[in-house]
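Participant: Following this message is one structure expressed as structure tokens.
Every number in this text was worked out from the coordinates using simple rules, so none of it is lab data. As the structure is a computational prediction, the values presented were derived from the model and not from experiment. Because the Cβ atoms are built from the backbone with ideal geometry, glycine has one as well, and the counts that use them run over all protein chains shown.
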Amino acid sequence: MRRILHIDMDAFFAAVEEKRRPELAGKPVIIGGSGDPTKRGVVSTASYEARKYGVHSAMPLRTAYRLCPQGVFLPVDYEEYARVSAVIKNILREFSPVMEDVGIDEAFLDISDNEEPSEQIAHRIKTRIREETGLTASVGIAPNKLLAKIASDLQKPDGVTILTERGIQVRIWPLPVRKLWGVGPKTEDRLKALGISTIGELASLPLDHLTELFGKSYGSYLFEASHGVDNRPLVTCREPKSSSRETTFERDTNNYAVIARTLHDLIADVVADIVKQGLKARTVTVKLRYGNFETHTKAKTLPALTDSVDELKAAAFECLSGFYLKRWVRLVGFRLSGFAKAE
Ligand code: TTP
Ligand code: MG
């Protein structure tokens, strides 16, 4: 039987900040944008203390400020979080060579070949992380990735949840369908219309009923997932698929020079990022969000891979010229994709 461990750090960005500024411990800490809650930007994360006030990721900073004016607002310091993330990933590799790096504060580990009891591995990993970084994590161990990820979320923060196949009915079936990977708000609405809100209720639908409703592939996925079945392997070497940056203007603008200068800076950042990783790209995408939040993208694929700022900038500005620029613009974004390793 496979044993997959999923780990997710608790309130990661906020926890890193609290660690290097001990005076923040226990205060409502909110990380996002430039750290100024009177300015535009969104919440990246909030400490558990701040979550008590209803503050959560992706909420506008100004809303967070309204809910929690006494909060400590701090800017995002990706470099520091990436440094701590690397320390954590190295600790995980001590426990198994088979690791899937999912994100800055999250990973899967295949511990099938580790003889130790699950509980003990989970606690040893958490202890090592606490020793090296001072941070807490939540761990889930289950027969597959789907269940391990749900399990790690069940007793956050600082939790350990071990789920066996027999636990599925008791621990998984009462959860809302949204907890299943791949179930978004649209599927949730369609299921709700059918009177289905929990994973258990979903599991009570026959396979042919689900494929009729959702098509063969997604229908069978929902059937298997609701029964706790997931055969996906761990992806141990993941090449980045894209690199991007975006800027929200302090005030909406229709000034071409401002938009062009911003795009110019974003291109420089993203190209520097791929050059550092030894990558070349073929596809350039420019994104504009207008004042009413309507968002449009234009993309161009070059005939050959390149990491030349001039070539990529030419393509990006060609994209930009395709937009209607008389409208008020709220945000500009730039993305490179279609990578290959530079020779
Ligand atoms: P999460 O693991 O989703 O959140 P978290 O670690 O802050 O809190 P917890 O896991 O205890 O619920 O995301 C990890 C980090 O990624 C988070 O600290 C900040 C960043 N992030 C964003 O920048 N924007 C987002 O919308 C989300 C969800 C996370
Ligand atoms: Mg987390």
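Participant: Relative to a virtual label point 7 Å from the Cα of Arg2 in the Cα→beta-carbon direction, which members of region 237-251 show backbone nitrogen distances below 19 Å?
Facilitator: Answer for this model: 237-239.
Participant: Filter the DSSP H helices in the chain by two things, a Kyte-Doolittle mean of at least -1.0 and an axial alpha-carbon span of 27 angstrom or more, and list the hits by number.
Facilitator: Length and hydropathy pass: 256-276.
Participant: Which of the peptides 277-284, 95-102, 113-120 is most tightly packed, and how do the rest follow, going by the mean number of other Cβ atoms within 10 Å of each residue?
Facilitator: 277-284, 95-102, 113-120
Participant: OK, next. With n ≥ 4 as the cut-off for DSSP H runs, can you work out [θ] at 222 nm for the chain, using -39500 (n - 2.57) per run divided by the number of residues, rounded to the nearest 500?
Facilitator: Rounded to the nearest 500, the figure is -11500 deg cm²/dmol.
Participant: Report the full-extension gain for the segment Thr283 to Tyr218: residue separation times 0.36 nm, less the Cα-Cα distance, to one decimal in nm.
Facilitator: Contour length minus the Cα-Cα distance gives 20.5 nm.
Participant: Using a Förster radius of 51 Å, what is the FRET efficiency between Asp252 and Lys341 based on their Cβ-Cβ separation? Nearest 0.05, please.
Facilitator: After rounding to 0.05, the efficiency reads 0.80.
Participant: If we sort 202-209, 310-317, 147-154 on the protection proxy, mean other Cβ atoms within 10 Å, highest first, what's the order?
Facilitator: Ranking, from highest mean packing down: 147-154, 310-317, 202-209.
Participant: Follow-up question, since we're still on this one. If the reach is capped at under 16 angstrom between alpha carbons, list the lysines near Lys276, excluding any in the same chain fewer than eight residues apart.
Facilitator: Lys241, Lys341
Participant: Projecting each Cα onto the charge dipole of the chain (Lys/Arg +1, Asp/Glu -1 at the beta carbon, about the Cα centre), which of Gly134, Ala58, Trp328 comes out farthest on the positive side?
Facilitator: Trp328
Participant: Could I ask something else about it? So, in nm, how far is label Cys237 from label Val42 when the simple model puts each one 7 Å beyond its Cα toward the Cβ?
Facilitator: 3.4
Participant: Where in region 154-191 is the amide nitrogen less than 17 Å from a point lying 7 Å along the Cα-to-Cβ axis of Ser204?
Facilitator: 169-178, 191
Participant: Among the aspartates and glutamates, select those whose C-alpha is under 19 Å from the C-alpha of Lys19, and discard any that sit fewer than 8 residues away in the same chain.
Facilitator: Straight-line reach from Lys19, under 19 Å: Asp8, Asp10, Glu49, Asp77, Glu79, Glu80, Asp105, Glu106, Glu131, Glu132, Asp158.
Participant: Please check: in the Gaussian network model of the chain (C-alpha springs, under 10 Å), which one of Arg66, Arg261, Arg330 has the largest mean-square fluctuation.
Facilitator: Result for the chain, Cα springs under 10 Å: Arg261 fluctuates most.
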